[in-house]
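All remarks here apply to the structure that follows.
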Amino acid sequence: MGRLIGGIALLALALFMVVGFLLSGADPFALRTLFALFIAAGLPAAGGGLLLAHRFGAGRRIAHRREDLRRDTLEAEILKMAGRHGGRLTAVEVAGELAVPTTTAEELLNELMAREMAEIEVTDSGLLVYSFHDVRHLSEKEAARGLLEP
C-alpha cells in the first residue's frame, strides 16, 4: 500500500510542478529552466512511475524471469557436467560442483527426468544415479545418417 500512495503522491507532485512551470511565464527554451523542470518534475515523475510499476507486478515478473534464467543456467551446467562424467550423475556431484544445496540439485535432476532428458538408476547400495541417454551416446553422432538412408 505504501508504494501505491508514494507513487501517486510523486506523480501528483510532478504534475503540480509542470502546471506551475506552464503558468510561470518562464522561457521554456532556456537551459536553466529545462534543467529546473527536469529536477522538479521529471525526477518525481520517474520515481512515482517506478513505485507504481513495482506495486503492480513489474518487479515480480522481473524476479520470476531471473529465477527462470537461473534454473535454465543450472540445467545447462548439469548437462555439461554429465558430458564430463560419462552421462551419469548423482545429486551429491551436482550439488558439490555447482555449489547448490543437495535438495536443489535433486529438484533440478528430477525436472530433467520429468522432461525425459534423464532416467533414474539405482546402485546395489541404494545410490540414485541420473543417467542421461543422449549425453551417453554423443560419440555416435558422427555415424548418424538420414532417416531415409539405408
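Just so it is clear, none of the values below were taken in a lab; they were calculated from the coordinates. Not measured: the values here are computed from a predicted model. Here the Cβ positions follow ideal geometry from the backbone for every residue, glycine too, while neighbour counts run over all protein chains shown.
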field: Span from the segment 22-68 Cα centroid across to the segment 81-150 one, whole angstrom
entry: 49 Å
- prompt: Which one of PRO44, GLY86, LEU148 has its Cα pushed farthest toward the positive end of the charge dipole of the chain, where Lys and Arg give +1 and Asp and Glu give -1 at the Cβ?
  reply: PRO44
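Mind ordering 138-147, 110-119 by average Cβ neighbours within 10 Å, highest first?
On the way: 138-147: 7.3, 110-119: 14.6.
Taking the mean over residues of other Cβ atoms within 10 Å, the ranking is 110-119, 138-147.
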query: For VAL129, which sequence-distant residues (separation of 5 or more, or a different chain) have an amide H within less than 5 Å of its own amide H, given hydrogens modelled in the peptide plane?
result: GLU121, VAL122, THR123
query: From the backbone phi of segment 81-93, what are the Karplus-calculated ³J(HN,Hα) couplings (6.51 cos²θ - 1.76 cosθ + 1.60, θ = phi - 60°) in whole Hz, Gly and Pro given as x?
result: 4, 4, x, 6, 10, x, x, 10, 9, 10, 4, 5, 4
query: Using the alpha-carbon atoms, what tilt in degrees (0 to 90, nearest 10) does helix 43-55 show relative to the longest principal axis of the chain?
result: 40 degrees
message: Rounded, prolate or oblate, given the Cα gyration tensor of segment 94-137, with a/c below 1.5 counting as rounded?
response: oblate
statement: Expected vector for segment 61-77, Karplus 3J(HN,Hα) from phi with 6.51, -1.76, 1.60 and θ = phi - 60°, integer Hz, x for Gly and Pro, equals 5, 5, 4, 5, 5, 5, 5, 4, 5, 4, 5, 4, 5, 5, 5, 5, 5
task: Provide the per-residue ³J(HN,Hα) series for segment 119-135, in order, calculated from phi with Karplus coefficients 6.51, -1.76, 1.60 and θ = phi - 60°, each as a whole number of Hz, with x at glycine and proline positions.
output: 10, 9, 10, 10, 7, 4, 8, x, 6, 7, 10, 9, 9, 9, 4, 5, 5
message: Restricting to DSSP H runs of at least four residues, report the calculated mean residue ellipticity at 222 nm for the chain, -39500 (n - 2.57) per run over all residues, nearest 500 deg cm²/dmol.
response: -20500 deg cm²/dmol
By average C-beta atoms within 10 angstrom, highest first, the peptides 124-137, 41-54, 24-37: 41-54, 124-137, 24-37
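Suppose R0 equals 41 Å. What FRET efficiency, 1/(1 + (r/R0)^6) with r the Cβ-Cβ distance, do ILE120 and ILE8 give to the nearest 0.05? Don't jump to the answer; show the numbers that get you there.
Working: r = 54 Å, r/R0 = 1.31.
Result of the calculation: an efficiency of 0.15.
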